[in-house]
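Values quoted throughout were computed directly from the atomic coordinates according to the rules given, and no laboratory measurement underlies them. Because the structure is predicted, anything quoted here is derived from the model rather than measured. Cβ placement follows ideal geometry from the backbone for every residue including glycine, while neighbour counts extend to all protein chains displayed.
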Amino acid sequence: MDSNATNVIDNNKTSVLQITTIFICFLMNMLDGMDVMVVSYAAPAIAKEWAISPQALGSVFSAGLLGMTIGTLFIAPRADVVGRRTIILLSALGMGSLVFATYLAQSVEMLLFFRFISGLGIGSMLASTATLTSEYAPKRTKDFWVSFVMSGYPIGAVLSGLAAAQIIPAYGWRTMFQVAGTATLVTLPLIYFFLAESLDFLLKKQPNGALEKANAILSKMNRDTLAALPPLSIETVEKPSVSSLLIPERRLSTLQLWSALFMAFASLYFLTTWIPKLASSAGLSMELAIYAGTVFNLGAWLGIMTQGYLSSQFGLRKTIFGFLAATSVLMVIFGFFKGSALVLVLFGLIGFGVQGGFVGMYAVAARMYPTEIRSTGVGFAMSSGRLGGIVGPLLGGFLIGAGLSMTGNFIIFAIPTLLAGVATLYLKSSEIP
């Protein structure tokens, strides 16, 4: 029996266990998107009830983002020690319980606390599901399946918006948090009973009971079981850490990936934060300005799925560059459509390109690093992106406050969008097609 998990996955027909694992990861990212966006949809009702300023609400948004950054930086890498399934289970428990408990908030300080703690689980969930998916997807379709799983995030954002539009006016913002938290908590049995631990992790890290667990997975996949675990490599014994991502042979590619994600996240979060205001400034009615966010996320889902397919055909680097370069052009010409209903179409196309391109970088991170440090690599890559996600909206707010036009803002943010594509195109890694 082949004791190499990669060969088992790549050289055999995709099993029900693999498909189940990938779809559970997709579902968890849908709930991730819902739990991230629920506070944005509830914000107007909270501001009205508590009579708080936009600045106070901004601090609540930042608390969630800070929690997500810390989650990807410090919790997600633990999946290289305790396993991907364990971190996904704990992340779901943390997300669900804290989002649900947010209905108890009676002050901005309590809201800050709940959003920060729930953000820890949200951030670690994204990194862990990307890692586990990459380890159960065959090499020939790996990029598509990682992108498919990440596409759950914008779907969750859209669905939570549709739910919020019905729930908040009728039952209040607290009920929306109860619904979102419950939706996550009910998946815990699904994760516990049906989500498989990474076979690659079990064979290469060999935690307690690894042989029995690996053989149970192999049996469910209708593969031959193992008589003994393979010998541990020197790399496996080493402790996963940021220094393992910056050894000489990986340093340049790691820094390129971090830079690309920082710039892509800065542009993406600028767009998602300011889209309603920008759409209104572009001449759309308030109703259409609100729908601009939905159009953006629907375009994002289509872009992510298309990127995943094209990457499997033409390679990740060229596809990501093409998506982000095209997006930068759309952002530059955006001003010419001011006052036209075509602005909505353009928002959808920009969502298609920027989300498709930056989600492809998750597949890049999952491919770049070996199993022993994969969650650490994906976690730190996402954290660098989250930092860009903090800078982007702040810079956008400063530029808008300084009187820069919508057209000027789009031109400025087209620059990091293009540079992110260029950094990915010239990424120095033999593991990336």
- Any idea what the relative contact order of the chain is, in percent, if you count C-alpha pairs under 8 Å spaced at least 6 apart? 23 percent
- Message: Restricting everything to alpha-carbon atoms, can you work out Rg to Rh for segment 240-433 with a Kirkwood hydrodynamic radius?
- Response: 1.01
- Task: Binning at 10 Å from 0, report for segment 1-232 what percent of all alpha-carbon pair distances ends up in each bin.
- Result: 8, 32, 30, 17, 9, 3, 0
- Message: Using alpha carbons only, how many angstrom separate the centre of segment 199-235 from the centre of segment 56-88?
- Response: 28 Å
- Query: Mind checking the angle between helix 286-314 and the chain's longest principal axis? C-alpha axes, 0 to 90 degrees, to the nearest 10.
  - Reply: 30 degrees
- Item | Cα-Cα over 20 Å, subset of Lys204/Lys318; Lys204/Lys428; Lys13/Lys142; Lys318/Lys428; Lys139/Lys204; Lys139/Lys318 | Lys204/Lys318; Lys204/Lys428
- Query: With axes computed from alpha carbons, what is the tilt in degrees of helix 108-136 against the longest principal axis of the chain, rounded to the nearest 10 within 0 to 90?
  - Reply: 40 degrees
- Query: Cα-based Rg of segment 297-409 per 2.2 N^0.38 Å, rounded to two decimals?
  - Reply: 1.22
- Helix-only CD estimate at 222 nm, as mean residue ellipticity for the chain, using -39500 (n - 2.57) per DSSP H run (n ≥ 4): -26000 deg cm²/dmol
- Task: Can you tell me the order of 190-196, 355-361, 98-104 when each peptide is scored by its average per-residue count of other Cβ atoms within 10 angstrom, highest first?
- Result: 355-361, 98-104, 190-196
- Message: Run the Debye formula on the Cα coordinates of segment 120-202, all scatterers equal and no solvent, and tell me log10 I(q)/I(0) at q = 0.16, 0.20 1/Å.
- Response: -0.78, -1.04
- Task: Could you work out the Rg to Rh ratio of the chain, with Rh taken as the Kirkwood radius (inverse of the mean 1/r over all Cα pairs)?
- Result: 0.97
